[in-house]
């Protein structure tokens, strides 16, 4: 009997000493009332659950994210390349806009945690490019921690002025509204509000819809500029590249995201100049 009591005591002590497993967050924990959540948040929760269960364990020595750290968790890169020679005045008739001085243009593109939009989606990289002294300047902001988002938004706002004209590809429907949401959630004024915005997707569709297989930027850059990307990371894989890095994984694909973003900016400028020249040639007698 004493032996049985001793064994029972040992078992009870073992239960008390055993560390308790941390609870795994679920959709019900986030939205207990049955409210709908974004697909992006749902995927993040699933990833969180996998990490807690031990099914995903990442550790990499390749953690090198390009650029300099201008704020904890915020990296900044700037490069100048020889890319096109834009006319001083851009004929923007093709976009149903008045002529624009090329100094006012800011090409921009974001890389985000998903394509569904909504408050659960955030931009983890903002790229912007303009012409400075005849060269094409590409600047990129990348956050490597959630806490650095507000600093990224403030830095991007500093690149804009009252006479800036934004150039994008589907930016009116996606990038600009997404950033507007992030500025609102950060309780910051939206610096894009009221700025001119030349969205190249719409004139490209007016000119070539039905003639091309589709009107994506990759198609436009290939057919108009002769750009064929090699070893390009598809935009759909950008969220996984960033989340992998946040979880301790390799930064290799995150660097490829930056390369993809830089090429998007170059292609934006290329398509813009091509269509402006095409419009001017059509108007010549």
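The values are calculated or read from the model by the stated rules, or taken from the named source; none is laboratory data. Fair warning: this is a prediction, and the values are worked out from it, not measured in the lab. All Cβ positions, even for glycine, are placed from backbone atoms using ideal geometry, and neighbour counts span all protein chains on display.
Quick one: is residue 272 under 21 Å from residue 130 (Cα atoms) and surrounded by fewer than 20 Cβ atoms within 10 Å (Cβ to Cβ)? It is false that residue 272 is under 21 Å from residue 130 (Cα atoms) and surrounded by fewer than 20 Cβ atoms within 10 Å (Cβ to Cβ).
For segment 207-241, a tally of residues being within 22 Å of the chain's Cα centre (by Cα), assigned to a loop (DSSP other than H, G, I, E, B) and within 22 Å of residue 93 (Cβ to Cβ) returns 1. Beta carbons closer than 6 Å, at least 6 apart along the sequence or on distinct chains, pair a first residue in segment 218-240 that is without any contact (Cβ under 8 Å) to a residue 40 or more places away in the chain with a second that is surrounded by 14 or more Cβ atoms within 10 Å (Cβ to Cβ) and assigned to a loop (DSSP other than H, G, I, E, B) for 219/212. Only one entry in 192, 178, 160 is touching a helix residue (DSSP H, G or I) at 6+ places or on another chain (Cβ under 9 Å), under 24 Å from residue 267 (Cα atoms) and at pLDDT 95 or above, namely 192.
For residue 248, the criteria (1) touching a residue at least 24 places away in the same chain (Cβ under 8 Å); (2) over 24 Å from residue 130 (Cα atoms); (3) under 18 Å from the mean Cα position of the chain (by Cα) hold in every case but one, which is (3). Has segment 216-239 got any residue that is under 16 Å from residue 123 (Cα atoms), touching a strand residue (DSSP E or B) at 6+ places or on another chain (Cβ under 6 Å) and surrounded by 20 or more Cβ atoms within 10 Å (Cβ to Cβ)? So far as segment 216-239 goes, yes, one or more of its residues are under 16 Å from residue 123 (Cα atoms), touching a strand residue (DSSP E or B) at 6+ places or on another chain (Cβ under 6 Å) and surrounded by 20 or more Cβ atoms within 10 Å (Cβ to Cβ). Residue 220 meets the conditions (1) touching a helix residue (DSSP H, G or I) at 6+ places or on another chain (Cβ under 8 Å); (2) farther than 26 Å from residue 99 by Cα in every case but one. The failed one is (2). Any chance you could count how many residues in segment 219-228 are over 12 Å from residue 270 (Cα atoms) and at pLDDT 95 or above? The total comes to 1. Report yes if residue 187 is more than 19 Å from residue 141 (Cβ to Cβ), exposed (fewer than 14 other Cβ atoms within 10 Å of the Cβ) and at pLDDT below 95, otherwise no. The answer is no for residue 187. Within segment 197-206, identify whether any single residue is over 14 Å from the mean Cα position of the chain (by Cα), crowded, with 22+ Cβ neighbours inside 10 Å, at pLDDT 95 or above and assigned to a loop (DSSP other than H, G, I, E, B), and answer yes or no. Yes.
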